[in-house]
Amino acid sequence: MAIGFIGLGNLGTAVAKRLQSMNEDVLVWNRTKAKAEAKGFVCENSPKALIEKCDTVLMCLFDSAGVRDVLSMQEGLLSADLKGKTIIDLTTNHFNDVIEFHAMVEAKGGSYLECPVLGSVVPASKGELTAVCAGKEAVYLHAKPLLEKFASTIFHLKEAGFAAKMKLINNLCLGSFMATIAECAALGEACGIEKKELLEILGAGGGKSLVLAAKTQKLIDEDFSPHFSNAAINKDLHCLQDLAYSLNRPLYTASVTKELFSKMKMMGKGDEDFSSIYQLFKA
């Protein structure tokens, strides 16, 4: 049976294309049907129509508001008979909202797996994402063979909400590393060190990381076409701030990092790749 997919942003498109390359029949729903068809997908008329043709539907949306809308809209997923259906949610959700999504789907007889992924467009296209899942073990085990088609590393934290929280914590590392690497690059250039050589040295020294490996060429070329946007990391760090507040804990490096990406968004650069924060330090 076909796999359903909702959310054809940069990451979602890469995952859906990866599934197609693994010989999966992928059907989609997208608000703008022509955009989905231009990317080579067969687009159903509604989320309800999609899940009626698929036992499993993956969602990869910008935020929890988008997920809630796809679930609850007229002809949304929850308007279908969900018995025997599984919804795998790759969205980076707010940790409170995702608890509701488990309950909403299960109340309609379906299965829900929260499954935010670590990594962006390039690892998605190679099947090298990391998936962090939370939900009932039976649902996880049922979904795992499909997840293995686009994720090379998979974790299951079991308790609902834990995957969402872990993704936010991971993105604190991601955003902080990117901001620090960008500042180092701009500072080295101000000293007169050639950028390519500077980044190569950082990659052999204190800057060695998946982040630098993924973004070196973007920094060299100053090609900030989006793989993971400033708007997305900014949203995630706001959710992280809510998490810290709920735990009555302060945030230190996260607070500064969030404001740097807020500045990028305010400057009209929300849709650029988050590596474009380099421009903030170079200015």
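The values are calculated or read from the model by the stated rules, or taken from the named source; none is laboratory data. Keep in mind that what you see is a predicted model, and the values were worked out from it rather than measured. Virtual Cβ from ideal backbone geometry, glycine too; neighbours counted across all protein chains shown. These accessible areas exclude ligands, DNA and RNA; they are computed on the full protein's heavy atoms, side chains included. Shrake-Rupley method; radii C 1.70, N 1.55, O 1.52, S 1.80 Å.
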Of the beta bridges DSSP finds with both residues in the chain, what % are antiparallel, to the nearest 5? 15 percent
Carbon and sulfur atoms account, in whole percent of the 1.4 Å probe accessible area of the chain, for 55 percent
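Which value, to two decimals, describes the C-alpha radius of gyration of the stretch 178-283 once divided by 2.2 N^0.38 Å? Show your work: numbers first, answer last.
On the way: Rg = 14.4 Å, N = 106, 2.2 N^0.38 = 12.9 Å.
Dividing the Cα Rg of the stretch 178-283 by 2.2 N^0.38 Å gives 1.11.
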In a Gaussian network model over the chain where Cα atoms closer than 10 Å are linked, find which of 58, 247, 219 has the largest mean-square fluctuation. 247
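So what is the orientation-averaged projected area of the chain, using the convex hull of its C-alpha atoms, in nm²?
If I average the Cα hull's projected area over directions, I get 15.0 nm².
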Taking GluC sites (Glu not before Pro) that fall in a DSSP loop and have at most 11 other Cβ atoms within 10 Å as cut points, what is the longest piece of the chain between them? 1-158
Straight-line reach from residue 195: which aspartates and glutamates fall under 18 Å, measuring Cα to Cα and dropping same-chain residues less than 8 apart? 183, 221, 222, 223
Per-selection Rg to Rh, the stretch 48-173 - Cα, Kirkwood hydrodynamic radius: 0.94
Report, in deg cm²/dmol and to the nearest 500, the calculated mean residue ellipticity at 222 nm for the chain, where each DSSP H run with n ≥ 4 adds -39500 (n - 2.57) and the sum is divided by the residue count. -16500 deg cm²/dmol
How high is the relative contact order of the stretch 171-268? Use alpha-carbon pairs under 8 Å, at least six apart in sequence, and give a whole percent. 34 percent
Report the Stokes-Einstein translational diffusion coefficient (µm² s⁻¹, integer) for the stretch 144-212, Rh taken as the Kirkwood radius over Cα pairs, at 25 °C with viscosity 0.890 mPa s. 168 µm²/s
Taking every alpha carbon pair in the stretch 28-87 and sorting the distances into 5 angstrom bins from 0 up to the bin holding the longest one, the percent per bin comes out as 4, 19, 28, 28, 17, 4, 0
Just to confirm the number: angle between the C-alpha axis of helix 195-204 and the first principal axis of the chain, 0 to 90 degrees, nearest 10? 70 degrees
Cross-link partners of residue 263 among lysines (Cα-Cα below 22 Å; sequence separation of 8 or more within a chain): 215, 218, 235, 282
With every protein chain present, what accessible area does residue 85 have (1.4 Å probe, heavy atoms only), rounded to the nearest 10 Å²? 30 Å²
What is the distance in Å between the Cα centroid of the stretch 157-185 and that of the stretch 194-273? 10 Å
